[in-house]
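Following: one structure in structure tokens, then a few remarks.
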Amino acid sequence: MSRIGVFVCHCGHNIAGTVDVKAVVEQLQRNGDVVFAIDYKYMCSDPGQQLIRESIAKYQLDGVVVAACSPAMHESTFRRTVEIAGLNGYRCESANIREQVSWVHQQDKVAATQKAVEIAESIVEKVKRNEALEPLVLPLTHRTLVIGGGIAGMQAALDIAEAGYPVILIERQDHLGGRMAELSGSYLNFQAAPDLLERKTQQVLTHPNIQTLLNAEVTSLSGYVGNFRVQVKQKADAAESPVMPLDELQPLSFTFDVGAIVVATGWQPYDRARLPEYGGVEIPDVVDGLTFEKMLRQGDGIRRPSDGKLAREVVFVQCAGSRDPEHGVSYCSKVCCMYVAKQAMLYKERVPDGQAYVFYIDIRSAGKNYDEYVQRAMIDYGVLYLRGKVSRIFREGGQTVVWGSDTLTGRAVEIAADLVVLATPMFPSSGSIELGQLLHISTDGYGFFNEAHPKLRPVETLTAGIYLAGVAQGPKDIPESVSQASGAAAKVLQLFSKNEMTASPLVASVIEELCAACGACVKVCPYGARQIHPIWNYATVNAALCQGCGACVVACPNKASQVRNWRVEQVLGMVDKLL
Amino acid sequence: MAESSEFEPKIIAFLCNWCTYTGADLAGTSRLQYPPNVRIIRLMCSGAVDPMYVLKADLAGADGILIGGCHPGDCHYQEGNYKARRRVIALKEILKSAGFDEDRIWLRWISASEGARFAETVREMTEALYAKGPNPMRQTWAV
């Protein structure tokens with residue numbers, strides 16, 4: 001027989017107003033495993049917790065059930081309390097008689113009371129078989145791998161390095177800077193992007209805590225938070241062995257042990273071949289935003305790629321593929337409204353007597369000083385904004401013809417343009433989906449990495465120890481990417497603030513005598529936490545990888561697999577008590 | 001029959017900790033009222049609902065068994081709800097062929113933000129079970 005104490009909380013009127021708490025106490029006192037039961041106004045208050053602690057000592061309780069609010073609310077509070085009284089925290093659980101009883105059955109006090117009794121009994125049944133457990137203690141490597149050397153990756157690397165921890169920054173290209181290195185100037189202040197970037201790049205390259213590997217990619221990952229092992233492959237540097245042709249040089253392979261990973265793999269421009277109504281890639285004088293940035297960085301005038309003539313009529317097409325699930329992508333690429341305004345203004349500065357047109361669906365200029373910036377393009381620079389979609393772009397007699405509509409006047413618009421700039425979608429970098437599989441982090445249908453929670457955990461992934469920064473997670477502009485990178489760095493530093501890690505001990509375990517080594521648990525485990533022991537021939541659990549989901553318990557034909565404190569007999573016992 | 005007019009169905013609900021259990025909590029904080037016929041067992045994942053648990057509840061006389069998990073694609077453990085979906089479909093087939101009423105077993109995706117959907121599900125299920133009457137297993141075992 002167990003010696004369990006049951007503490008029934010009134011929660012003021014919240015529970016006691018509907019549930020007859022005295023009756024619950026009386027019923028529970030009849031349970032053979034319960035040696036003591038009592039009700040009190042507020043169990044979470046200091047006197048309430050004191051009552052629990054004193055009762056543990058007085059009645060030598062070996063388990064505690066607090067029939068009160070949801071375990072999500074105060075189970076951790078009560079676990080701390082029983083630990084002060086010398087009882088293991090895992091021998092204490094909440095029975096949810098507020099959120100799932102008193103608040104939802106306010107009109108039926110008899111049924112609510114009966115339900116509260118049964119729920120409390122079922123939790124007593126569970127606690128009876130709860131093991132006393134201690135949090136798992138795991139080692140922690142205070143080194144970070146940052147994947148991607150664009151502005152987001154560099155910012156994350158610098159923040160972590162400045163805090164004193166070593167960083168390995170790997171970049172697939174032969175230079176740092178990512179897409180930002182391809183820009184002419186940034187919006188808002190027109191500051192030349194290359195200058196801004198050069199400063200960051202120098203900081204990264206000269207930082208004693210940052211080791212930068214260019215031409216490098218991750219090839220494999222094993223381990224878990226605090227203890228990852230990554231393999232990195234680096235293309236051989238042609239400059240170092242000028243004699244041999246590049247493709248004959250063996251790639252270099254490195255292995256690093258790291259505790260955290262920041263994924264900042266950025267983006268690529270959308271493939272224009274997928275936009276045939278805008279001429280695909282066939283028309284020379286139709287370019288995308290990034291190509292126009294390159295034109296802005298070269299020379300003074302803006303010239304037609306087809307014949308080098310000065311471009312006097314330039315049409316910018318926003319949402320060229322974005323917000324268009326039928327032809328392109330369903331999402332808004334977020335930065336185009338702003339960079340198109342910038343590009344149109346920079347164009348007007350180069351070609352003051354030229355005309356710039358912008359076709360738009362909406363102007364999305366949410367951000368500090370953003371809308372004012374777009375207004376400048378319209379008012380100070382005389383850029384002509386036309387509200388409507390472009391239906392077709394085609395070549396006719398050496399001109400590029402744009403067919404669109406102006407929905408504000410209700411007229412069809414035809415412009416014979418010298419140059420058309422398409423604001424195509426920001427699209428995840430090539431290889432994102434494969435990298436996601438390699439790192440065991442999920443991607444959306446396009447290949448953007450999924451955050452752990454869209455609102456409350458936007459820089460973490462569901463794999464502990466792997467964080468996201470920049471456009472790899474979804475379209476963002478530079479200030480947002482930098483913010484998220486600093487956020488990811490803060491998460492890494494939070495992890496690194498301890499010498500070792502603790503983790504929940506509610507993980508799977510194996511009753512070795514029952515294990516037939518069939519491998520069902522190995523297959524079903526989403527975390528790769530299971531293995532068949534090569535010598536002893538039974539399944540083992542890597543407690544650090546196991547998240548306690550219980551899939552292996554269901555898969556195991558012998559029920560040799562069990563999750564601690566969610567054992568099969570506990571659940572079956574609860575079913576019995578509830579019927 | 002006097003017994004059937006007093007019949008109150010009993011539902012055993014196996015809810016995943018992250019979505020449906022939290023949704024049931026939200027129904028409470030929103031004070032949404034639903035029939036008191038459901039008894040909730042919190043598990044970490046709908047993928048941890050062993051068919052044995054469902055069988056046990058059915059054989060022991062539960063009139064309805066509700067399994068609640070995260071919406072497809074939202075599983076906290078990546079794919080537990082897909083496992084639950086496959087198992088429940090298979091289990092219902094087996095139960096059907098053995099002469100059980102497989103419609104007493106419901107699998108529903110209810111997220112942490114769908115308190116109203118949880119309350120509505122319990123309401124619907126309770127109504128459906130009133131119509132069905134008691135689980136015949138109750139009588140089978142009655143001495």
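Comparing A:278, A:330, A:356 along the charge dipole axis of the stretch A:273-425, the residue lying farthest to the positive side is A:330, per the Cβ-charge model. If you look at the Cα atoms of the protein assembly as shown, you get an Rg and a Dmax of 31.5, 99 Å.
On average over all directions, what projected area in square nanometres does the stretch A:508-563 have, based on the convex hull of its Cα atoms?
Approximately 3.1 nm², given one-decimal rounding.
Normalised by 2.2 N^0.38 Å, where N is the number of residues, the alpha-carbon radius of gyration of the stretch A:273-425 equals 0.96. Taking the DSSP bridge list for the protein assembly as shown and keeping only pairs wholly inside it, about 40 percent are antiparallel. Kirkwood hydrodynamic radius of the stretch A:1-99, from the reciprocal of the average inverse Cα-Cα distance over all distinct pairs: 13.0 Å.
Here the protein assembly as shown is assigned +1 on the Cβ of each Lys and Arg and -1 on the Cβ of each Asp and Glu. Its dipole about the Cα centre then comes out at about 880 debye.
Size of the dipole of the stretch A:316-440 about the Cα centre, Lys and Arg at +1 and Asp and Glu at -1 on the beta carbon, nothing else charged, in debye to 20? Kindly include the intermediate steps, with their values, before the conclusion.
Working: 13 positive and 13 negative charges, 31 e Å.
So the magnitude is around 140 debye.
For a test of the definition: using alpha carbon positions, the gyration tensor, and the 1.5 limit on a/c, classify the stretch B:11-135 as rounded, prolate or oblate. Note, shape of the stretch B:11-135 comes out oblate. Please report, ordered by residue number, every helix of chain A (full DSSP H runs) that is 24 Å or longer along its axis going by C-alpha atoms and whose mean Kyte-Doolittle hydropathy reaches 0.5. Helices meeting the criterion: A:478-496.
Would you be so kind as to identify which of A:369, A:24, A:264 lies farthest towards the positive end of the dipole of the protein assembly as shown, taking Lys and Arg as +1 and Asp and Glu as -1 on Cβ and the Cα centre as origin? The Cα lying farthest towards the positive end belongs to A:24.
Run the count for the stretch A:302-432, please: Lys pairs, Cα-Cα under 22 angstrom, 8 or more apart or on different chains.
6
Please state the shape class of the stretch A:425-579: rounded when a/c is under 1.5, otherwise prolate if a/b exceeds b/c and oblate if not, all from the C-alpha gyration tensor. Cα axes put the stretch A:425-579 in the prolate bin. Entry note, chain A: the mean residue ellipticity at 222 nm calculated from DSSP H runs of n ≥ 4, each adding -39500 (n - 2.57), is -8500 deg cm²/dmol after division by the residues and rounding to the nearest 500. Could you pull out every one of the aspartates and glutamates with an alpha carbon less than 14 Å from that of residue A:523, ignoring same-chain neighbours closer than 8 positions? Once the sequence-local aspartates and glutamates are set aside, what remains near residue A:523 is B:79.
Note the buried accessible area between A and B here, summed over both chains, with a 1.4 Å probe, in Å² to the nearest 100.
Approximately 3600 Å² gets buried when A meets B.
Length gained on full extension, residue A:195 to residue A:229: 8.7 nm, using 0.36 nm per residue less the C-alpha separation. Candidate cross-link partners of residue A:476 among the aspartates and glutamates, defined by an alpha-carbon separation under 15 Å and a same-chain spacing of 8 or more, comprise A:451. When the Cα positions of B:78, B:131, B:54 are compared along the charge dipole of chain B, B:78 comes out farthest toward the positive end, with charges on each C-beta of Lys, Arg, Asp and Glu.
Using the Kirkwood radius over Cα pairs, work out the Stokes-Einstein diffusion coefficient for the stretch B:14-70 at 37 °C and 0.692 mPa s, in µm²/s as a whole number. Write down the numbers at each step before the final one.
Details: Rh = 12.0 Å.
Rounded, D is 274 µm²/s.
The angle between the Cα long axis of helix B:115-132 and the main principal axis of chain B comes to about 20°, on a 0 to 90 degree scale.
Listed by chain and number, the lysines whose C-alpha is less than 19 Å from the C-alpha of residue A:233, apart from same-chain residues fewer than 8 away, amount to an empty set.
Working from the alpha-carbon coordinates of the stretch A:74-142, get Rg over Rh, Rh being the Kirkwood radius. Value, to two decimals: 1.16.
The values are calculated or read from the model by the stated rules, or taken from the named source; none is laboratory data. For clarity, every value in this text was computed on a predicted model and none was experimentally measured. All Cβ positions, glycine included, derive from the backbone under ideal geometry; neighbour counts span all protein chains shown. Side chains are part of the model used for accessible areas, which takes the heavy atoms of the whole protein and leaves out ligands, DNA and RNA. Shrake-Rupley method; radii C 1.70, N 1.55, O 1.52, S 1.80 Å.
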